[in-house]
1. Select from the range 60-91 the residues that are within 28 Å of residue 185 (Cα to Cα) and touching a Lys or Arg at 6+ places or on another chain (Cβ under 6 Å) and list them in ascending order.
2. If you go through the range 58-73, how many residues are among the basic types (Lys, Arg) and either in contact with a His (Cβ under 9 Å, 6 or more places away or on another chain) or within 15 Å of residue 205 (Cβ to Cβ) (or both)?
3. For the range 19-33, does any single residue satisfy the condition of being free of Cβ contacts under 8 Å to residues at least 40 places away in the same chain, of a type in the set (A, V, I, L, M, F, W, C) and under 17 Å from residue 134 (Cβ atoms)?
4. Among what's in the range 81-99 and is of a type in the set (Gly, Ala, Ser) and in contact with a strand residue (DSSP E or B) (Cβ under 7 Å, 6 or more places away or on another chain), pick the residue that is nearest to residue 17 (Cα to Cα).
5. Just the residues that are more than 17 Å from residue 6 (Cβ to Cβ) and touching a helix residue (DSSP H, G or I) at 6+ places or on another chain (Cβ under 6 Å), please, taken from the range 71-101.
6. Being more than 22 Å from residue 35 (Cα to Cα) and in contact with an Asp or Glu (Cβ under 8 Å, 6 or more places away or on another chain) is true for just one of 187, 158, 150. Which residue is that?
7. Between 151, 147, which is surrounded by fewer than 22 Cβ atoms within 10 Å (Cβ to Cβ) and within 15 Å of the chain's Cα centre (by Cα)?
8. How about the range 154-196: which of its residues are at positive phi and surrounded by 15 or more Cβ atoms within 10 Å (Cβ to Cβ)?
Amino acid sequence: MKEEKVYFPSGGIRLEGLLSIQEAFSNKGGIVLCHPHPQYGGEMRNRVIAAALEAARQVGFATLRFNFRGVGASEGAYGEGIGEKDDVRAAIEYLESKLNHSSAPILVLGYSFGAWVGMPVATEEERVKGMVAVSPPLGMFDFEFLKKCGKEKLIIGGDMDVFSPVSLLKEWFKQLKEPKSLAVIQGADHFYSTQANLVVQPLQEFLKKFGVRGSEY
């Protein structure tokens, strides 16, 4: 899949991203991919983000992965989760501007820290029709806000994740509003060192729920 290097504004700074739009499927929808914690090596080429990109490609979704402020060629500095939420909003706006069909659904996927900053924005943004939280670090950050969200949501986690223990993940998931689905990846810890490819199938199934009416997968 060909990706184009792009830059787009977030407030007074410029963010670096990689955009892919398959013209033949440009009405399927688009997904913004949010990487893990910038201060712990998180960036847009992360293995889980790359696996999510592949899943989206296989079902014809446009993708935008990008570096949060202060990462790679993105300007600015770490924003303690506040500035990064602005970056997610900017990415949604930019992706929407590049889709050919105004009715094409937009989704947001966030992995770890990316889920913590991406999911609140996805909840609030009317343009966003669905969200995916991969290994939300429930032991580190507050995810109570998601319990009130009635949008389509997929939660993915590993059964060996010490930052989001599977027992805690399942209990939290029970409290989320429908529609929702949960995929537990066997043998995966928080970093998916050898299991990143296992997020592809559940993500594909989730993405197939979306798309412009009359579009076939």
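Laboratory data are not the source of any read-out in this text; all were calculated from the coordinates shown. These figures come from a predicted structure and were not determined experimentally. Every residue, glycine among them, receives a Cβ derived from its backbone with ideal geometry; neighbour counts consider all protein chains shown.
1. Passing the criteria: 60, 61.
2. 1
3. No; the residues of the range 19-33 include none that is free of Cβ contacts under 8 Å to residues at least 40 places away in the same chain, of a type in the set (A, V, I, L, M, F, W, C) and under 17 Å from residue 134 (Cβ atoms).
4. Among them, the one singled out is 91.
5. 78, 81, 84, 85
6. Step by step, each of 187, 158, 150 is checked, and only 150 is more than 22 Å from residue 35 (Cα to Cα) and in contact with an Asp or Glu (Cβ under 8 Å, 6 or more places away or on another chain).
7. 151
8. Once the filter is applied, which keeps residues that are at positive phi and surrounded by 15 or more Cβ atoms within 10 Å (Cβ to Cβ), the range 154-196 yields only 192.
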